[in-house]
Amino acid sequence: MNDKSALKQLIDADEFSNKLNLDRKTYGLVFDKRTLNSIYYIIKKFNIDFIDFPISSGKESLVFKVIDIKRKAFALKIYKMSTLKFSNTFEYIRGDYRFDKERINRSNIVYIWAQKEFTNLEDMRKAGVKGPVPYGYHKNVLLMSYVGSKNEPAPQIKNIDTDFDILYNKLKLNIKNMYKKARLVHADLSEYNVLYYRKNPYVIDVGQSVSAKHPRADEFLRRDIKNITAFFLKKNVKCNESDLYRYIKGEEYD
Ligand SMILES: Nc1ncnc2c1ncn2[C@@H]1O[C@H](COP(=O)(O)OP(=O)(O)OP(=O)(O)O)[C@@H](O)[C@H]1O
Ligand SMILES: [Mg+2]
């Protein structure tokens, strides 16, 4: 096992920040000591050998492709400690009976995010919804299966060309299973958070997803439906919000 070299790669500021286009400030925010310790914990626990390449660097998270000693690929997602806004975040957790609200505060809420994403990915999996397989989490770091080929992560559906009628039908079944079987509403669903892999849509980024019993679940579901319908309409798929809403809420299966 070579956990030291993986960690060393991570803290090798120049190579890392250049590749990701991170400015000094962002870089400092992400890799505070607690985050480095969490990464180290996951790297050790899952025998991660090295970091292959950065996949994405956004406002709220960083995602890397990492490889374990058996050459299996994973995606390591690191939630940034300081950019998650407490009030926004709390909206998604409040009203979710699965989380112990008394113990959530400003300094530990980012940890809830990784836990929530892990649990949601597990529930989706049990419901047969395609998405990354969750392996583990520690504080603000999540390890899941890598979706993509050797050299490239799977593209977001916004960046592909395909038969969008077929894709829409597959995605709507996934959203329905997510709602009916996993009892979850994604709450940030759009063409950015669906990857295209082996001809199938893979739903990602489910940290903010809420239980279908959440007081605002219906509002979030309608917003998801609006985003997805708008995207597929642009791709000339015959669809509309109310049909999709009825399909997801309805008992019948196509
Ligand atoms: N398991 C995975 N395998 C391959 N690529 C992934 C995986 N998870 C995430 N990605 C890539 O990383 C990007 C960011 O991940 P995600 O959507 O989960 O984070 P995010 O919270 O949206 O981050 P931000 O909004 O701050 O960019 C995704 O759009 C996708 O391209
Ligand atoms: Mg995203």
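The values are calculated or read from the model by the stated rules, or taken from the named source; none is laboratory data. None of these values were measured; they are calculated from a predicted model. A quick note on method: Cβ atoms are made from the backbone with ideal geometry, for glycine too, and the neighbour counts reach across all protein chains shown. The protein model used for the area step is the full one, side chains on, heavy atoms only, and it has no ligands, DNA or RNA in it. Shrake-Rupley method; radii C 1.70, N 1.55, O 1.52, S 1.80 Å.
Taken together, the criteria place E117 among residues that are open to solvent by less than 20 Å² (accessible area, probe 1.4 Å) and in a helix (DSSP H, G or I). Looking across the range 62-75, just one residue is surrounded by 23 or more Cβ atoms within 10 Å (Cβ to Cβ) and either more than 14 Å from the chain's Cα centre (by Cα) or away from ligand 1 (no atom under 11 Å from the Cβ) (or both), and that is V66.
The residues on offer are K59, K101, and the sole one that is within 15 Å of ligand 1 (Cβ to nearest atom) and either at pLDDT 95 or above or over 20 Å from F220 (Cα atoms) (or both) is K59. If you go through the range 221-239 and keep only what is surrounded by fewer than 22 Cβ atoms within 10 Å (Cβ to Cβ) and either over 17 Å from L167 (Cβ atoms) or among the hydroxyl-bearing types (S, T, Y) (or both), you end up with R222, R223, K226, T229. Considering only residues in the range 180-216 that are surrounded by 20 or more Cβ atoms within 10 Å (Cβ to Cβ) and small (G, A, S), the one that is nearest to A75 (Cα to Cα) turns out to be G207. Residues that are under 27 Å from G58 (Cα atoms) number at least 3 in the following helices (runs of 4 or more DSSP H) confined to the range 154-254: 164-180, 217-234.
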